[in-house]
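Below is one structure, written out as structure tokens; the observations come after it.
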Amino acid sequence: MARMSTKENKSIYQKTREDLGYSREKAADILETIPPERIERIESGKFTAHPDEIVTMAQKYKKPYLCNYYCANECEIGRQYVPEIQMKDLSQIILEMIASLNSVQKKQERLIEITADGVVEKNEVGDFIEIQDELEKISITIETLQLWLENKIASGQIDMDAYKEAMAARKDK
């Protein structure tokens, strides 16, 4: 059994590795391209991981959320444009999606009024921002659903081959 760190403020990468029960040496064997010393430096925050290292960790550890975490928190561009997705149950994701869709549907006429002339007037900015916020909630909910799906596929709870077949059949229609 791998020796566990007693450090309190562990990085998400260290927590993920330890939750899997891997020592750094075992993780290096699994990751294949990242040596134990580099893993230690990434986990301790001495070095920032390269995107390809995070992709490898996400794939080999079967933890797709690592990519979203990296983009939302460590990537210079991502910190500005990528929201961090919180893992949720499918029912919660769907209920949030329906609530946001209903809210936007109620504001649909106002959005048409605001944008019909191609200009957002000073007196329309507040309403426009409110509608924009609801659209952003929908976008985040879609990303949450995608991450939920990726986690279910990675964990084997959804058969990847069946998923790919269904997607291919859908494209053929």
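The values are calculated or read from the model by the stated rules, or taken from the named source; none is laboratory data. Please read all numbers here as calculations on a predicted model, not as lab measurements. Cβ atoms come from the backbone with ideal geometry, glycine included; neighbour counts cover every protein chain shown. For accessibility, only protein heavy atoms count, side chains too; no ligands or nucleic acids. Shrake-Rupley method; radii C 1.70, N 1.55, O 1.52, S 1.80 Å.
Odds and ends about this structure:
- Test for GLN132: is it free of Cβ contacts under 8 Å to residues at least 24 places away in the same chain and closer than 28 Å to GLN59 by Cα: no
- Residue satisfying all of: in the stretch 57-107; among the basic types (Lys, Arg) and over 28 Å from TYR13 (Cα atoms); surrounded by the fewest Cβ atoms within 10 Å (Cβ to Cβ) among these: LYS106
- ILE94 being within 24 Å of the chain's Cα centre (by Cα) and under 30 Å from TYR61 (Cα atoms): yes
- Single unsatisfied condition, ILE140 versus (1) surrounded by 11 or more Cβ atoms within 10 Å (Cβ to Cβ); (2) out of contact with any Pro (no Cβ under 6 Å at 6 or more places or on another chain): (2)
- First in the stretch 11-24 and under 17 Å from SER155 (Cα atoms), second anywhere and charged (D, E, K, R) and open to solvent by less than 30 Å² (accessible area, probe 1.4 Å), Cβ under 8 Å, 6 or more apart: ARG17/GLU43
- Exactly one residue out of THR48, THR56, THR16 is among the hydroxyl-bearing types (Ser, Thr, Tyr) and modelled with pLDDT under 95: that is THR48.
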